[in-house]
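The values are calculated or read from the model by the stated rules, or taken from the named source; none is laboratory data. Note that this is a predicted model, so its numbers are computed, not measured. Backbone-built Cβ (ideal geometry, glycine too); neighbour counts: all protein chains shown.
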Amino acid sequence: MNKLDANNVNVFYGSNKVIKDVSISIKQNTVTAFIGPSGCGKSTFLRLFNRMNDYIDTFKMEGKIEIDGSNIYDKQIRVEELRKQIGMVFQKPNPFPKSIYENVIYGLRIQGIKDKKILDESVEQSLKQAALWDEVKDKLKDSALALSGGQQQRLCIARTLAVQPTVILMDEPASALDPISTAKIEDLIYQLKSKYTIVIVTHNMQQAGRISDKTAFFYMGELVEYDETKTIFTNPKQERTLNYVTGRFG
Amino acid sequence: MPRIKEKVIEVGLASAAVITILTTIGIIWVLLSQTIDFFSDVSIVDFLTDTQWTPLFADKHFGILPLVAGTFLTTFIAILVALPVGLTIAVYLNEYAPKSFRKIIKPLLEILAAVPTVVYGFFALSVITPFLQSIIPGMAGFNALSSGIVMGIMIIPLITSLSEDALFAVPKSLREASYGMGSTRLQTAFKVMVPAASSGIIVSVILGISRAVGETMIVAIAAGQQPRLTMNPLVPIETITTYIVQVSTGDVAHGSLEYKTIFAAGMALFVFTFILNNISYWIKKKFQEKYE
């Protein structure tokens, strides 16, 4: 069954068309990578799925985006509820200037959950899932900003997991990290696949090759090709894809 | 040749800096010497503990407490008005308002800051006080409440502007993170943005307090010039600044004990602001440790 569906989506910033008639279907419990050169619209497209573009004054969208078959741009959809279901991890680690503990339970706090037992359990479980528990379990009350960049990013993933989403959107989650931290994040993504549907934007084609099941190649706002990752990297149908994945441009 | 030019410029710049420092030292020296002179006539214990301030009457008392109380009371009311309103406006401008609206409203707010304080004084006396009297029967014509409220209105642009700058300086990525977790705008504003900007907001309050403590005209016009040790905002009071104005514009003989009281009062004001600044500095540092 398809978890996410986009049908004939166009996006405009003012009069500038940045996404051109894109349709894509993403299956549950898969990792899908969006690749393409800078400015190709892959991040904009990713942010459609949790409506993060809504805050841009000149943003306008046409078409349909569905999660589990229901249109998320429907007027009856509460965007806050949607975002609890579709979590997001950003390019640069962005923990709140609070303690590690408070960071993880932020999403639960805003839902009004006060029961300390539930919060404690959520912190432990989320940090374990994000492979960070062993490193921080003795300093949960310390500021999150004292952690390294890689730890901060895993904390941001834990914070997202604590809300128990079904989909996780990742916008170049490892681009600001060193190779070792990047490897940890990639391992993590691989493990999370069994429980979540993951969509990841990446500049790093090796990364897309290592972690994703399917890959979508965007160019100038168009979805050029979308197929099994293996096919995209070894035997793409489009010449533009071949040129990009072999490093001839981009 | 260019070396000499460099040297001249350097000396010129340095002397500009030295003049400022010398002026400050001069002011403190005058204040201090006159104050020491004053305390050779009046015991410092009386000054700090006496509950009456009547240097201009036959039965002279030199207790600074009534003036400190008046200053504290008006300042407190002013901050009580200015902080919630100013912070709300700042949050609105930064989190809700469309960019175009923000561009219009910010300069408009600055106009509030450009109103001369004497105009605020009359506003307090002739508009706010009658209005409050219609709600609170028995309120005196001169009182701390209306001067405090108007002083608060005067400080709103300061608090708004500085708090807005502080909120604006919070990385956008934090707002995105908060929205991404399913927060509403209100939750994002008050659970993420305001705490992250807290040190800047505290600075705005500090400057607001300094402004209120040093404010003279509004209280001189609307608060009544009656030194009184009270926390009742409905009766006439006097602040340190108003007393200084009252005596400097009066016909007190130069060099007399009455004359010297203004220096003692000025010194008290100086110490007052100094302590306040230190407390706020300490708070700011503490918050910074927590949030950065």
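Can you pull out every residue in segment A:62-102 that is more than 13 Å from chain B (Cβ to nearest Cβ), surrounded by fewer than 17 Cβ atoms within 10 Å (Cβ to Cβ) and at negative phi? Within segment A:62-102, A:62, A:64, A:70, A:71, A:74, A:75, A:76 qualify.
Exactly one residue out of B:71, B:75, B:20, B:117 is among the hydroxyl-bearing types (Ser, Thr, Tyr) and outside the structural domain of residue B:265 (by TED's automatic domain parsing), and it is B:20. The single condition among (1) within 14 Å of chain B (Cβ to nearest Cβ); (2) touching a Leu at 6+ places or on another chain (Cβ under 7 Å); (3) not in a loop (DSSP other than H, G, I, E, B) that residue A:54 does not satisfy is (2).
On the basis of being in a helix (DSSP H, G or I) and either among the aliphatic types (A, V, I, L, M) or touching an Asp or Glu at 6+ places or on another chain (Cβ under 9 Å) (or both), does residue B:108 make the cut? Spelling it out, residue B:108 is indeed in a helix (DSSP H, G or I) and either among the aliphatic types (A, V, I, L, M) or touching an Asp or Glu at 6+ places or on another chain (Cβ under 9 Å) (or both). Of all residues in segment A:148-184 being more than 14 Å from every other protein chain (Cβ to nearest Cβ) and in a loop (DSSP other than H, G, I, E, B), which is surrounded by the most Cβ atoms within 10 Å (Cβ to Cβ)? Looking at the filtered set, the residue picked out is A:174. The set of residues in segment B:182-233 being away from chain A (no Cβ under 14 Å) and in contact with a Pro (Cβ under 6 Å, 6 or more places away or on another chain) consists of B:224, B:226, B:227, B:228, B:229.
Kindly check whether there is at least one residue in segment A:197-220 that is in contact (Cβ under 8 Å) with a residue 60 or more places away in the chain, within 20 Å of residue A:22 (Cα to Cα), of a type in the set (D, E, K, R) and touching a strand residue (DSSP E or B) at 6+ places or on another chain (Cβ under 6 Å). Yes; the residues of segment A:197-220 include at least one that is in contact (Cβ under 8 Å) with a residue 60 or more places away in the chain, within 20 Å of residue A:22 (Cα to Cα), of a type in the set (D, E, K, R) and touching a strand residue (DSSP E or B) at 6+ places or on another chain (Cβ under 6 Å). Filtering segment A:103-129 to residues that are crowded, with 16+ Cβ neighbours inside 10 Å and more than 10 Å from chain B (Cβ to nearest Cβ) leaves A:104, A:105, A:119, A:122, A:123, A:125, A:126, A:127, A:129. For segment A:3-27, a residue qualifies if it is part of a loop (DSSP other than H, G, I, E, B) and farther than 22 Å from residue A:74 by Cα, and exactly one does: A:15. The residues on offer are A:76, A:111, A:85, and the sole one that is at pLDDT below 95 and within 22 Å of residue B:196 (Cα to Cα) is A:111. Scanning segment A:35-51 for residues that are among the basic types (Lys, Arg) and within 14 Å of another protein chain (Cβ to nearest Cβ) turns up A:47, A:51. Checked against (1) crowded, with 21+ Cβ neighbours inside 10 Å; (2) under 22 Å from residue A:92 (Cβ atoms), residue B:148 passes all but condition (2).
The set of residues in segment B:48-79 that are at pLDDT below 90 and buried (at least 21 other Cβ atoms within 10 Å of the Cβ) contains only B:55.
Just one of (1) crowded, with 21+ Cβ neighbours inside 10 Å; (2) within 23 Å of residue B:64 (Cβ to Cβ) fails for residue B:201. It is (2).
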